[in-house]
Each structure stands twice: as structure tokens, then as C-alpha cells.
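Here's a structure for you.
The values are calculated or read from the model by the stated rules, or taken from the named source; none is laboratory data. Treat the numbers as computed from the prediction; the structure is a model and nothing was measured. Every residue, glycine as well, gets a Cβ built from its backbone with ideal geometry; the counts of neighbours run over all protein chains shown. These area figures cover heavy atoms from the full protein model, side chains too; ligands, DNA and RNA do not enter into them. Shrake-Rupley method; radii C 1.70, N 1.55, O 1.52, S 1.80 Å.
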Amino acid sequence: VQGIMIGTIFWQEENPGMKIPMLFLLVSLISMGNMFIVDVALERRAVFYKHRSANFYPTIVYVVAELLADLPLQILEAVVVGCFSYFFTGFQSHVFYNFFFLLLLCSMAFSNTFKAVTAHTGSPAAAQGAAIGFAALSFCFSGFLVTKEQIPDYFIWIYWSLPFSWTMRALAQNEFRTDGPDGDYAYLVGPPNNEVRLGDALMKASGIDMTEGWIAGAYIYLIGLITCSLTAYTLGLHYRRLNEQQPVVKEDKEPHFETWSPMTERRARMPSLDTMNAARKIAAAVDHSAAESVAEARATAAFQILQNLSVHPPAVTIA
């Protein structure tokens, strides 16, 4: 929807000077469109803490897996938004690949920076405030609202530190360093003996550096920023552990009374396991003593019978 809106607003723009404001609006929407990742990263963080405490996986594995899981959506965003806005506006088709990769890297740079912010902030309000502050600072020091020449020297480091200005400069050079439609950008304009290309004059009027090499520099800077953001995100998840909830075992100190039921009454009448074991031992001891008594009685009776027996014949009398 955003790509269609931008493309229809600047539909086949004949004034080449209006293409630079279009680039500013496009990069602004790309950066603000990744603001949703703050809430998503905060929800994922609580789940990660539980998994990490259980030693499911190392932190770096989780960060890389999350990066790969988010990559298809970011590629789709860059393709859809880039195609509608680029070709509707009338940019040069033969340099679209640079436009696409720069948009993709810009989207990844902002999203991973926002995730790094969430790893080092304790509350959703603080994370949202820091992310919005970073985006607002990027807008102000993009080189479009306030050109590079107008930024004070003690603030110029902010201009070189934020991804917005690098992306804007690279996208503008990607378009205006070409010859343009029908060679319009290659026309020489200006006073005699001081003529410049129309494309260079448009960039100079917007405060964009005309020297070559900034497209390659933007690639290097954005990839480096993504790497640094992922490193900060990994360290924050591994060491900070903000608002981590540990499992708590709650003991019931109050006595527990069961309600009466036939089952509870039956269970109350049943003897305990210790009582049953003691009864078994007593029964076994009684059986053993009884068996010994019977054996002893039998032996005594047999001995008496043997005593009554005599080897002498009975005495015989005449009577």
C-alpha cells in the first residue's frame, strides 16, 4: 500500500528535482515500517529467557535463526515497495538492482537496530521511546531536511553515524549519476565555462555529495551496521536478562481441609501404608513363633512315646 501511494503521488514525475523528496519519503516509510519489531522482539525475549535457562540452544544460534526467519518478509517488503515506487515514479530500470539491495539493507539495518535497543531496555515504553528517538534523529540528520553544509561541526558526527543519510546519498547517486531518460541528466547546465551535468546540479542543490564511490560506501556501512546491531543484540540477550521471571514454588501455609464425600470417608478408614507394613511383620512373626511351638510340642510327644517303650519283656507271674 505504501509503495502504491508513493508511486501514484509521484506518477511518472517529469520534474527530476522532485525525485529526491520521493526518495526521502520512501526511506522514511521503510524505517518507520520496521517499528513493529520492537513489540515483537519484547515478546520473543521472554520466551528466549525460558529456553536459554533450560539450555535449549546458544544465544548466537537464536539470533541467527531469528535473522533468517525475518529475512523473507523483509525481502518481500523491499520487492513490493521498491517495484511500485520505483517504476511508477519513472526511475531508470537498468539500475533497479542497486535500488532494491539498498532498500533491503536499509530495512535490515533499522530493524536490527531496533532489536538491539529492546535487548538493552527494561520496559516496552523505554524501548519504543528509544526506537522512535533513533528514527527521529535519522530524519533530522538525513541531509534532506537540514543539508550537510547547515549542520554544525559539533553535530556532523551524527550525520555520518546514522543509516538514513547513507541510504539517501546512495539512492540519489544511483539515479542521477546515470544519463537519465533520453539523456536528460547528462545535459550541461550553468554559466559558460562552469557547466555541470543536470544530475550533478540536482544533487548539489539538495546537499548531496556528487563524488563517486558513495554507493559502495553505503553497502559497506549498512552491512557493518547490521553486524554491529546483531552483536549488540546478542550480548544484550545473553548478559542483560532484563525482567526475567524465574519460576516460584509457592508453599501453602494454611491447613487444607477436604470436603466430606463417600470417597474421602472410605479413604480415611483405610489404614496407612506404614500400618499395613507393620501388621504384615507382626503376622509373619506370629506365624513363625506358632510354627516353632508346634514343632517343639511334636518333638516332646515323640520323646515321651520313646521313653514309654521298654526293651525288657513284661514280668510273668504264676498267678
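Could you give me the residue pairs with C-beta distances under 8 Å whose first residue belongs to the range 148-165 and is over 13 Å from Phe110 (Cα atoms) and hydrophobic (A, V, I, L, M, F, W, C), whose second residue is open to solvent by less than 50 Å² (accessible area, probe 1.4 Å) and in a helix (DSSP H, G or I) wherever it lies, and which are 6+ apart or on separate chains?
Listed by first residue and then by second, the contacts come to Ile151/Ile158; Ile151/Tyr159.
How many residues, within the range 198-241, are farther than 27 Å from Ser111 by Cβ and either part of a helix (DSSP H, G or I) or open to solvent by 50 Å² or more (accessible area, probe 1.4 Å) (or both)?
11
Being modelled with pLDDT under 85, in contact with a Ser or Thr (Cβ under 9 Å, 6 or more places away or on another chain) and hydrophobic (A, V, I, L, M, F, W, C), is that true of even one residue in the range 140-154?
yes
If you take the residues of the range 135-144 that are open to solvent by 40 Å² or more (accessible area, probe 1.4 Å) and in contact (Cβ under 8 Å) with a residue 24 or more places away in the chain, which of them is farthest from Met32 (Cα to Cα)?
Among those that are open to solvent by 40 Å² or more (accessible area, probe 1.4 Å) and in contact (Cβ under 8 Å) with a residue 24 or more places away in the chain, it is Phe144.
Somewhere in the range 256-273, is a residue at pLDDT 65 or above and either open to solvent by 50 Å² or more (accessible area, probe 1.4 Å) or more than 23 Å from Phe164 (Cβ to Cβ) (or both)?
no
Looking at Ala109, Ala127, Ala131, can you tell me which residue is in contact with a Phe, Trp or Tyr (Cβ under 6 Å, 6 or more places away or on another chain), buried (at least 19 other Cβ atoms within 10 Å of the Cβ) and not hydroxyl-bearing (Ser, Thr, Tyr)?
Ala131
Only one of (1) more than 30 Å from Ala130 (Cβ to Cβ); (2) modelled with pLDDT of 90 or more fails for Leu67. Which number is that?
Leu67 satisfies all of (1) more than 30 Å from Ala130 (Cβ to Cβ); (2) modelled with pLDDT of 90 or more except (1).
Taking the options Ile75, Ile30, Ile6, name whichever one is assigned to a helix (DSSP H, G or I) and either open to solvent by 50 Å² or more (accessible area, probe 1.4 Å) or at positive phi (or both).
The conditions single out Ile75.
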